[in-house]
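The structure under discussion appears below in the form of structure tokens.
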Amino acid sequence: MSLAKPDAVDISNTQKIALAIGILGLFILALALFNTNFPNKGLFLTLALAFITIGTIVYSRDAYLTKLEGIKNDAVWFKSISSRGAWGWILGVVLTSFYIVLYFYPKYLGLGENGASNTGLISLFDPLSHLLSGRNASQWFVYGTLYTIAILAFGYKFMLKYRHNRYQQLRTASVMFFQLGFAFLIPEFMYVMNSDLPYYDLKSIWPLNYYIFDEWSVKGFLSNGNIGLGLILFGIISIFVITPILTYKYGKRWYCSWVCGCGGLAETAGDPFRQLSSKKMSAWKLERWLIHTVLVFSVVMTVAMVYTYLGYDHNAFWLTKDLFIALVIGFLTLIFAGVMYFKRKELGKDAKYGAIGYFVVIALLLLMHLTGTTEHVFFVKGGDLRAAYGIYIGSIFSGVIGTGFYPILGSRAWCRFGCPMAAILGFQQRLFSKFRITTNGGQCISCGNCSNSCEMGIDVRAYAQKGENIVRSSCVGCGICSAVCPRGVLKLENDSMKGRINPTEILLGNDVDLMDLVNKK
Amino acid sequence: MDHIVIIGNGISGVTAARHIRKLSDKKITIVSAETDYFFSRTALMYIYMGHMKFEHTQPYEDWFWEKNRIDLKKGYVKHIDTGAKTLQFAEGDTLSYDKLIIATGSKPNKFGWPGQDLDGVMGMYHKQDLENLEHFAPNNKACKRAVIVGGGLIGIELAEMLNSRNIPVTFLVRESSFWNGVLPEGESAMINRHIQNHHIDLRLNANLKEIIADQNGKAKSIIIQETGEEIVCDVVGLTAGVSPNIDFIKASNIETGRGVKVNRYLETNIPDVYAVGDCAEQHEGINGRRPIEAVWYTGRMMGETVAQTICGNRIQYNPGHWFNSAKFLDIEYQTYGWVFSQPRENESHFHWKHEDDTKCITVCYDKHTNQFLGINTFGIRMRHDVFDNWLTEKRSVDYVMEHLSEANFDPEFYKTYESAIFSAFKNELQTV
């Protein structure tokens, strides 16, 4: 059907002015990028960031506060920027280019190399960096600042958009808090207190934080006494203790849409693009292969990295190469055996893929142990393996594709297809969690608003229209499907494990005898 | 192998096809003149509003039909020859069947208004209606005002659609208050105010007299019966209810009334011919229901039921407790059990409304036995299964009011109102 782009979605004059203010802020940054030497960097940086923030705030207030509370998705599929139109592609190219320069050519942003002072965009951020931690800005400081501004400003917009929905407001406040505090300010203050500590965003958990067990990182922590030891212990406890407990109680949403920075950006600045994720069955299949491959890669890579800097002699340090490999294999075997014993039925056909994954990892680890040396694993330099992961997964997948492609693939492409942390949490959510999205009896009208707005590409409707609860490893619990449902069919909740997965053929409301006959077969 | 032919690819026909496939290996063909694939009719509004594209309203991907061996045929059935068990298409070809399911749904009512077939005049039911609206009302420059005739569920959806493109709307409602043939007074009045808060020009007690054409045969204004007022407009939406879409059946041997007459087994007077969904008419309403139920859910239930009968397990259509839902602009509505606009002889209503004027409930109970009979809820989501159980268990209204929080289905962290409702309920009982 040819739907003309209606002119009626034109923005108001206030919104045009707000847009102009925001663009002015970006323009200052662009000027800095092209090496304009501002006389008072602190002032111009403040102006740039303030303009961007004020523009977003004014725009949002005019867009949402002039209307009654309710769902505000009018025209998202008409607007060029949110429907893969020309503006969408332009934005995609700009973001992607920015990420490529950021990760691989920071000198073009003005990073001073070999002790030279910063120029360009990065030098514009020097005053703020000095204020916070007394050192010059890096490309990561620039990125972190802009990232934080984006989450705060667009988080405000999102809270206005869903001002009738406290779940949305609270979790948005939460990601804003964690980004500003944990990802941005606390690491800077930690540097001020102890400049030898490696950068550590406390909420960034292995394997999303893939460098925490690198040799330089571990040495950095261990050479800093009890604080450092405490931090690295916290890192280990995060993944092995805190994460399983919280995921059991609340599902992976406690992390993915309440705490995580990647998720935080996706839920705020990325919100206008959530509907672009593919809901096709083929995309789901690709997702399952891709994300678990990344998980295997990250586990093997991390074990290999730790392996290279451990010794052979248990008198020198209790954790030797042999013991470490034995511990890892033992731990993985324990998990594998436990799942196969307790959850074999629920897994169904997937058990086969789980088994393949397990044996691949074990085979790789044994191969590594038998052929590896202190320098080499898998016959390549250990450092090269880690570097490959950093470039292909850490930079290209999560940054360039994950965020640069927001306007094309939707806002959660990284979370859905790549994040190894999401894979671990999702595995647990699917099998050992009280979380589900409950379907309200037979009330679904198959309209598709839920599936359309699922940023993770889950075909929510496919479950709801069968009266079946949604229990999917990829669900990040953002709650938008529930919000947009026009008939009150979906509710995110934590309840008992029993009856959590409830496939039905005949829906509630029909003949009770027929329901008994068909559903209890 | 039996060949099952289903006319109509809406929720009723498609549900029947899916269940027949689950239960058997029969050859299945679904015929539609409207679209190639099943889509959710209730979602048409969201396409015009830009929330979704048409393909998003299709619950199954295109490969689904071939994988499940459900043949799809696009064509307009002109005549059913029940003697030869053959369908004749307007396009000239024919299709023979062993068993036939008629699931042709509804069409918008037109009551012989002068000008009702002009350009720019449309219902809001078929995909073609949506295309029509897109043509005549792409924005508020091409369509400076729209008039909607008929205050029901489709009328208010059409008003919401036009509102999303900033097109001014005049909404003619025949009744003295919006949908008050179904909703009790307090609820209906709240929705009136909500409509007006959206800057929709709501005209109660207003009937359409005629639609006036310009020199090109396009609607240019309408006249209101009661006042004679002329309202200049570019689009007229006719949303005064729907009726079964069965004109093509009238010339066949299949018995029809307002709809295709069926017994409790959803069988017509002709063996091997069944009818389900909006177009089926029961000889008598079941358990207080209407003989024709033009509702998504009942269409689905009839589809589930007829599949059993066709696959050898002949059973009656025997729906459980009534339920329904809708959304009035920003206010969601759910109902479980029976709440009529006026309490019947033995019934009493308890009504509670929140001061923000967007949430209310009405509970209906038997004033002699205190048995809970039904609830309407606006702006508060409630659990279907909980109310279904309470209705089956014939709980008292006191029990229901006391345990209302168990039925709450609002998202987490929402404010709850059950204790306010319960104390209002107790107060009201004491003053009576």
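The values are calculated or read from the model by the stated rules, or taken from the named source; none is laboratory data. Just so we're clear, the structure is a prediction, and the values are computed from it rather than from any experiment. Cβ atoms come from the backbone with ideal geometry, glycine included; neighbour counts cover every protein chain shown. Remember, those area values only see protein heavy atoms, side chains included, never the ligands or the DNA or RNA. Shrake-Rupley method; radii C 1.70, N 1.55, O 1.52, S 1.80 Å.
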A 31 angstrom limit on the alpha carbon distance is what I want to check against. Which of A:Lys249/A:Lys321; B:Lys53/B:Lys110; A:Lys219/A:Lys285; B:Lys78/B:Lys127; A:Lys349/B:Lys73; A:Lys520/B:Lys67 exceed it? A:Lys249/A:Lys321; A:Lys219/A:Lys285; A:Lys349/B:Lys73
Expressed as a whole number, the average count of other chain Cβ atoms within 10 Å around the Cβ atoms of B:12-21 is 1
For B:409-417, what's the mean count of beta carbons from other chains sitting within 10 Å of each residue's beta carbon? 6
What lysines sit close enough to B:Lys394 to cross-link, taking a C-alpha to C-alpha distance under 22 Å and skipping anything fewer than 8 places away on the same chain? B:Lys367, B:Lys426
Please list, in order along segment A:113-129, the HN-Hα scalar couplings obtained from phi with the Karplus expression 6.51 cos²θ - 1.76 cosθ + 1.60 (θ = phi - 60°), rounded to whole Hz, x for Gly and Pro. 9, 6, x, 5, 6, 5, 10, x, 4, 5, 5, 4, 8, 4, x, 5, 5
Here, A:Ile501 and B:Ile270, labelled 7 Å along Cα→Cβ, have an inter-label distance in nm of 4.6 nm
Classify segment B:98-195: rounded, prolate or oblate, from the alpha-carbon gyration tensor (a ≥ b ≥ c, eigenvalue square roots; a/c under 1.5 rounded; otherwise prolate if a/b is larger than b/c)? oblate
Separation between Cα centres of segment B:213-277 and segment A:21-42, rounded to whole Å: 64 Å
State the cysteines of chain A left without a partner when partners are defined as other cysteines whose beta carbon lies under 4.7 Å away. A:Cys256, A:Cys260, A:Cys262, A:Cys415, A:Cys419, A:Cys444, A:Cys447, A:Cys454, A:Cys475, A:Cys478, A:Cys485
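Report, to the nearest whole %, how much of the accessible area of segment B:381-432 belongs to carbon and sulfur atoms, 1.4 Å probe, protein only.
48 percent
Given a 1.4 angstrom probe, what's the average accessible area per residue across segment B:42-161, in square angstrom? Let's see the in-between values first.
Numbers: 4810 Å² over 120 residues.
Heavy-atom SASA per residue in segment B:42-161 reads 40 Å².
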Name the residues of segment B:1-24 whose amide N is less than 14 Å from a point 7 angstrom out from the Cα of B:Asp71 along the C-beta direction? B:1-7
Counting alpha carbon pairs within less than 8 Å and at least 6 residues apart, what relative contact order, in whole percent, applies to chain A? 15 percent
Of B:248-261, A:437-450, ordering from highest average Cβ density within 10 Å down gives A:437-450, B:248-261
A:Leu185 and A:Glu113 label points (each 7 Å along its Cα→Cβ direction) are spaced in nm at 3.6 nm
For segment A:182-199, in order, what is each residue's ³J(HN,Hα) by Karplus, 6.51 cos²θ - 1.76 cosθ + 1.60 with θ = phi - 60°, in whole Hz (x at glycine and Pro)? 6, 7, 9, 7, 4, x, 5, 5, 4, 5, 4, 6, 8, 6, 7, 5, x, 4
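For an R0 of 22 angstrom, estimate the FRET efficiency from the Cβ-Cβ distance between A:Asp350 and A:Phe432 and round to the nearest 0.05.
That pair, A:Asp350 with A:Phe432, gives E of 0.90.
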Under-5 Å amide H pairs with B:Lys73, H placed in peptide plane, nonlocal only: B:Ile30, B:Val31, B:Ser32
Rounded, prolate or oblate (a/c below 1.5 giving rounded, otherwise prolate when a/b exceeds b/c) for chain B by Cα gyration tensor: oblate
Applied in sequence order to segment B:79-87, the curve 6.51 cos²θ - 1.76 cosθ + 1.60 (Karplus, θ = phi - 60°) yields integer Hz couplings, x standing for Gly and Pro, of 8, 10, 9, 6, x, 8, 6, 9, 9
Qualifying lysines (Cα of each under 16 Å from Cα of B:Lys415; at least 8 residues distant if same chain): A:Lys491, B:Lys353, B:Lys359
Can you compute the label reach from A:Val380? Point 7 Å from Cα along the Cβ direction, backbone N cut-off under 18 Å, restricted to segment A:386-427. A:386-398
For segment A:204-263 and segment B:19-38, compute the distance between their C-alpha centroids and round to whole Å. 52 Å
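Suppose only helical runs count, i.e. DSSP H with n ≥ 4. What mean residue ellipticity at 222 nm does that imply for chain A under -39500 (n - 2.57) per run, divided by all residues and rounded to the nearest 500 deg cm²/dmol? Write down the numbers at each step before the final one.
Details: 24 runs with 291 residues, N = 521.
The helix contribution divided over chain A gives -17500 deg cm²/dmol.
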Which shape class, rounded, prolate or oblate, goes with segment B:87-144 when its Cα gyration tensor gives a ≥ b ≥ c as root eigenvalues, a/c under 1.5 marks rounded, and past that a/b bigger than b/c marks prolate? prolate
Threshold 30 Å², probe 1.4 Å: give the residues of segment A:495-521, in number order, that are less accessible with all protein chains present than with their chain alone. A:Glu505, A:Ile506, A:Leu507, A:Leu508, A:Gly509, A:Asn510, A:Asp511, A:Leu514
From the cross-link list A:Lys161/B:Lys144; A:Lys252/A:Lys466; B:Lys107/B:Lys144; A:Lys252/A:Lys343, which pairs have alpha carbons spaced over 21 Å apart? A:Lys161/B:Lys144; A:Lys252/A:Lys466; B:Lys107/B:Lys144
Mind checking which of B:Trp296, B:Trp65, B:Trp179 has the largest fluctuation in a GNM of chain B, springs on alpha carbons under 10 Å? B:Trp65
Give me the percent of accessible area attributable to carbon and sulfur for segment B:1-108, probe 1.4 angstrom. 47 percent
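Explain nothing, just the number: relative contact order of segment A:387-508, from Cα pairs under 8 Å at least 6 residues apart, as a whole percent.
It comes to 27 percent, rounded to a whole number.
Summing both sides, how much accessible area is buried between B and A? Use a 1.4 Å probe and give Å² to the nearest 100. Intermediate values should be presented prior to the final figure.
Details: alone 19810 and 25480 Å², together 39780 Å².
What B and A bury together is about 5500 Å².
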Any chance you could check the Cα centroid distance between segment A:419-492 and segment B:406-432 for me, in angstrom? 28 Å
Express the relative contact order of segment B:326-432 as a whole percentage, based on alpha carbon pairs under 8 Å and six or more residues apart in sequence. 23 percent
Set of lysines near A:Lys107 by C-alpha distance (under 22 Å), chain-local residues within fewer than 8 positions excluded: A:Lys41
Between B:Ala420 and A:Trp216, the two model label points (7 Å from Cα along the beta-carbon direction) sit apart by a distance in nm of 5.8 nm
Which order, highest average first, do A:351-362, A:73-84, A:400-411, B:297-308 follow once you tally other Cβ atoms within 10 Å for each residue and take the mean per peptide? B:297-308, A:400-411, A:73-84, A:351-362
